[in-house]
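Okay, so here's the structure we're looking at.
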Amino acid sequence: MKHFHDDFSALLNGFKLETLENDPNSIYGLSVGLALNYLNAGWFDFAKENQGEPAISERFVLGTYIGDAMSGSVRDYYLEAFQNVLQTGKVWHHDYECSSPEKFRIYHQSVYPLYNRQGLIIVNSLVKEHPLETDSRTPCQPIRNLYTQETGFITQCSNCRRVQLATRQDVWDWVPAWVEQMPENTSHGLCQICFEYYYEFKYPQKK
C-alpha cells in the first residue's frame, strides 16, 4: 500500500523523510486541504496494535479528508487547530487520552507546518502509561440494548473510550470489550468531563 504522495517529500521543511519513516511514533501528514498525504509505519503499527486493522487502512487511504475521521465537537476542535497552524505557521501541542482495555495512556500531539504552510506533520507520542485502576473504572459488560441510542449507534468518547448509556446521556461506562474491539455501529463524541478538561479548558476560544 502506498503511504505518501509523490509531492510530499518536497513539502518537508526541517524534517527528513527517513527520520519520519524510522520514528516508532504514529505520524501522519496532511495537505493544505487537510487530506491525508503521508502515513508512517508507526501509524499502521498503532492501528494494528489497537485492533484497528484492516479497517483503518481500508477506510483512511491517501487523499481522505481528515475531518471524515472525526465527529461532533472534537472534529470542530481539531479542524480549527489545524487551520490555525496553517495560517500562523506556529507549532501546536495538545495532550489527549487514548487508553487500552488494560492501560491508562496519555499521548502528546505536536502539529508542525510544512514548507510555505502547504501542509502539516502530526506526531503522536506516548507520554504516560500505567495499569488502569479498577476502582476508578468499573468494567461493564457489552450489553448492546443498554448502550444503543435511538439513532442505532453506540456512542463512545473518542478520548477516554467510555460508552454513553442510552437512557442516561450524562452517564458514560467503561466497557473494555468495546475498547478492544468496537462494534460496527460505533460513533464517536466526547463525554462532558473529557470535553471540559482536555478541550474546552485548554482551548478557551472555543467557549
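The values are calculated or read from the model by the stated rules, or taken from the named source; none is laboratory data. For clarity, every value in this text was computed on a predicted model and none was experimentally measured. A quick note on method: Cβ atoms are made from the backbone with ideal geometry, for glycine too, and the neighbour counts reach across all protein chains shown.
For the range 132-147, does any single residue satisfy the condition of being under 30 Å from Lys16 (Cβ atoms), modelled with pLDDT of 90 or more, among the β-branched types (Val, Ile, Thr) and loosely packed, with under 12 Cβ neighbours inside 10 Å?
no
Could you tell me which numbered condition Val179 fails, if it satisfies all but one of (1) within 29 Å of Asn13 (Cα to Cα); (2) out of contact with any strand residue (DSSP E or B) (no Cβ under 6 Å at 6 or more places or on another chain); (3) touching a residue at least 40 places away in the same chain (Cβ under 8 Å); (4) surrounded by 17 or more Cβ atoms within 10 Å (Cβ to Cβ)?
If we test Val179 against (1) within 29 Å of Asn13 (Cα to Cα); (2) out of contact with any strand residue (DSSP E or B) (no Cβ under 6 Å at 6 or more places or on another chain); (3) touching a residue at least 40 places away in the same chain (Cβ under 8 Å); (4) surrounded by 17 or more Cβ atoms within 10 Å (Cβ to Cβ), just (1) comes out false.
Residues being at pLDDT 90 or above, in a loop (DSSP other than H, G, I, E, B), of a type in the set (Gly, Ala, Ser) and within 16 Å of Cys98 (Cα to Cα): count how many of those fall in the range 153-207.
The qualifying residues number 0.
I need a count of the residues in the range 9-35 that are more than 15 Å from the chain's Cα centre (by Cα) and at positive phi.
1
Mind listing just one residue for me: the one in the range 79-102 that is in a helix (DSSP H, G or I) and in contact (Cβ under 8 Å) with a residue 40 or more places away in the chain and, of those, nearest to Arg117 (Cα to Cα)?
Leu86
Just one of Arg162, Arg105 is farther than 28 Å from Asp23 by Cα and charged (D, E, K, R); which is it?
Result: Arg162 is the single residue among Arg162, Arg105 that is farther than 28 Å from Asp23 by Cα and charged (D, E, K, R).
Restricted to the range 11-32, and to residues that are of a type in the set (Gly, Ala, Ser) and surrounded by 12 or more Cβ atoms within 10 Å (Cβ to Cβ), which residue is farthest from Tyr107 (Cα to Cα)?
Ser31
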